[in-house]
Structure formats: C-alpha cells, structure tokens
1. Quick check for me: using +1 on Lys/Arg Cβ and -1 on Asp/Glu Cβ, what's the dipole size of the chain about its Cα centre, in debye to the nearest 20?
2. Work through the residues other than residue 40 whose Cβ is under 13 Å from its Cβ and net out their charges, Lys, Arg +1 and Asp, Glu -1.
3. Excluding ligands, DNA and RNA, what is the solvent-accessible area per residue of the chain at a probe of 1.4 Å, expressed in Å²?
4. Can you give the local net charge around residue 142? Use residues other than it whose beta-carbon is closer than 9 angstrom to its beta-carbon, Lys and Arg +1, Asp and Glu -1.
5. Farthest toward the dipole's positive end in the chain, which of 87, 157, 37, given Cβ charges of +1 (Lys, Arg) and -1 (Asp, Glu) about the Cα centre?
6. Tally Lys/Arg at +1 and Asp/Glu at -1 over every other residue whose Cβ is under 10 Å from the Cβ of residue 108; what's the total?
7. State the percentage of accessible surface on the chain attributable to carbon and sulfur atoms; use a 1.4 Å probe and exclude ligands, DNA and RNA.
8. Just to make sure I understand: if all protein chains stay in place, what is the order of 236, 107 by accessible area at 1.4 Å, largest first?
Amino acid sequence: PGPPLRVRMGLHTGDVRVRGGDVFGPTVNLAARIENAAHGGHILVSATTEALVRGSVAPVATISDLGHWVLRNIHTPQHLFEIRHPSLAGSLSRPRASRPGLSSLPVPLSTFVDARGDLRRLAAMLAKARLVTVVGPGGVGKSRLAVEVARQVEDTYADGARWCPLADVDDPSLVAAALASYLDLGSTASSTDRVLEVLRSRCLLLLIDNCEHVSAAVGAMIDRILRDCPDVTVLVTSRQPLRLSGEEVYEVAPWTSRYGAGAAAVRLFLDRAAAAGVTFGDSAAGHQRIGALCERLDGLPLAIELAAAQTRALGMDQLDRRLDERFQLLTSRGPPQASA
C-alpha cells in the first residue's frame, strides 16, 4: 500500500440554490475555492463560518487566524482560519493562495498580438526553468510578451508575480534598492540581504524588465536569489543573455515574412490604427500595402505601433513618403506601456 491519503476540507456558510438535487451558487463556489487553498490533512474555514462556531469547538481543537488571502478566481481577499486538532496534520504554514496586493503587473492598454505562439512556448519554458531571459533587439516586444506571459501564469505561484522595471536605474549600486521598492519593502530596506530575506519566504514569479544596462549587478542579484530563494522563479527581459548557470534563453525576433509573422504585423497595425480612430477595409491590396510598410519598419512591433498611431494625422500616403525619415517620424510620441 502507498502512503495514507490526507483529505483537505474547506468550509463556508451561506445561502445556496437547489435544482435537480444539486446545490449551486456563490456560497458553493467560495467553499470550493477555500477547499482548494487547503493542503492535505488541513481544514480551512471562512470568516463567516468561524464567527458561527467561535467558542463552540471541542476543547482539544483550536481555531487559528491565517489572515487575508486571494483565492483563485475570487477577486476579493478572503479572511481564512484553520481548525487545528491533534489528530490532523501539523499547523498550516500558509494556504495555497496569494497574499493580497503582491501581484504588480502593469495593466495592458491595448490588445496583445501573439505572432508565433510565443506565449505558449515561453510559459512552457517557465514551467521547467527557474531563470528565463527573453532577449531581442530594442522595440521587438520583449517587455509586452514577458508581462503577458506573467499575467497568464501568475496564478500558479502562491504569491503571484512582481514587476520590477529597471529602465530608469542607471547606477548598478541601486539595483537592490530598486527591487526593494518594487517589492514594497520601503526605502530603508535597500540591501541585497534584506531583499533575499523577504524572498526566501515567497513563492512568486519575479519579472525583472529592461536590465541590459545594469546586467552585471542584476546577474549577481539573480544568482543569489536562485541559490537562496528556492520558490522564486525569475523572468528577465534584456538585449543579451545574463550567462548564468541554469539560464534558459527565449529569443524574440522581428515580425517579418521571413518568420511567417507578416500577417500578425498587419493585424497589429490595424488594431493600433483602429485605436487611433482610423479603419481600413479588408481588401487584399490594402493589407499588402500595410504589410510592405511593416517590412520597411523591420518588423519591429514598437515601430509598427507608433506608425499606426500616426495614420490619423498623416494618412498612409504621407507615412509611405516619410518612412525614409522614420526615426524622426516615430519618435514624436512615447511608446505604449511595456512595448519594448
């Protein structure tokens, strides 16, 4: 026989609806999510249930306050308690849930166009490696891809995902302070040791964004995190790999017809132009013209987005004529959030 099975329980109290012998409704859903947050051999209860049974549990049993947690697909943090008894498993150190407010991924301001199935492949890589570096030239969409995949997989980490953008950190000695700030540790907790102390107790995805200009300092920090914080996975965007032990590298290429992504480039242009109030027909000739324009922009998503945003003011004819001056043309507006 194998090891004994440990049952987990989640208890919540409230009104339910009955139909055809089945019960359903928000009360049932919340009870199921609480049960899912428990480990084998543990009993978790909601604040409602705890208030009803307070003072009436068996003398040998106790109820411990675990604080507030974010349960899967339940947006409001829930106050959870654990019923403890000598016959049950040892005390629960933490539920299988996220702490409120830990995820800090930026909210996307536009739709994400996945040109070549990058999301699926990058998510699969993150499931196997603790350090994944997304590399590619500036403007190719590394940050947007990394944020999007982090949003897709953050529920698999008990403490969610944290976004640490370093584009504005010019001094390598300030890397630890920047990470402390994005981890909400406060301005006085800026040392590497303090960051590691906090991360040792966390199970999260740490997204370090745009770090090529301070790569040596970031590499040293990540090396310590990988050795000292076993439940932290690190996702990095940079123009070059960090060349650390255990690093997996995901290369993002420009969207050109050579990579079979010409149609995605056209979709991106049409989407961003529509956001600017300009719509195009579905003619093959029109799409071919847009595709040629995207090729002239080297298939860089950032350049395509900026060009599309200016179709309202310039129109396609002027865009075509002025592409030889594209670096002047495309720097007249700031980049969309997390596009580079």
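1. Values: 37 positive and 35 negative charges, 137 e Å.
Around 660 debye, computed over the chain.
2. Net of charged neighbours comes to +2.
3. Averaged over the residues of the chain, the accessible area is 51 Å².
4. Numbers: positive: 144, 239; negative: 209.
Surrounding charge for residue 142 is +1.
5. Highest projection toward the positive end goes to 87.
6. Working: positive: 144, 151; negative: 148.
Summing Lys/Arg as +1 and Asp/Glu as -1 gives +1.
7. Numbers: 8980 of 17200 Å².
About 52 percent, which is the carbon plus sulfur part of the accessible surface.
8. 107, 236
The values are calculated or read from the model by the stated rules, or taken from the named source; none is laboratory data. Just so you know, these numbers come straight off a predicted model, no measurement behind them. Cβ: placed from backbone, ideal geometry, glycine included. Neighbour counts: every protein chain shown. To get the accessible areas, we keep the full protein, side chains included, count just its heavy atoms, and leave off ligands, DNA and RNA. Shrake-Rupley method; radii C 1.70, N 1.55, O 1.52, S 1.80 Å.
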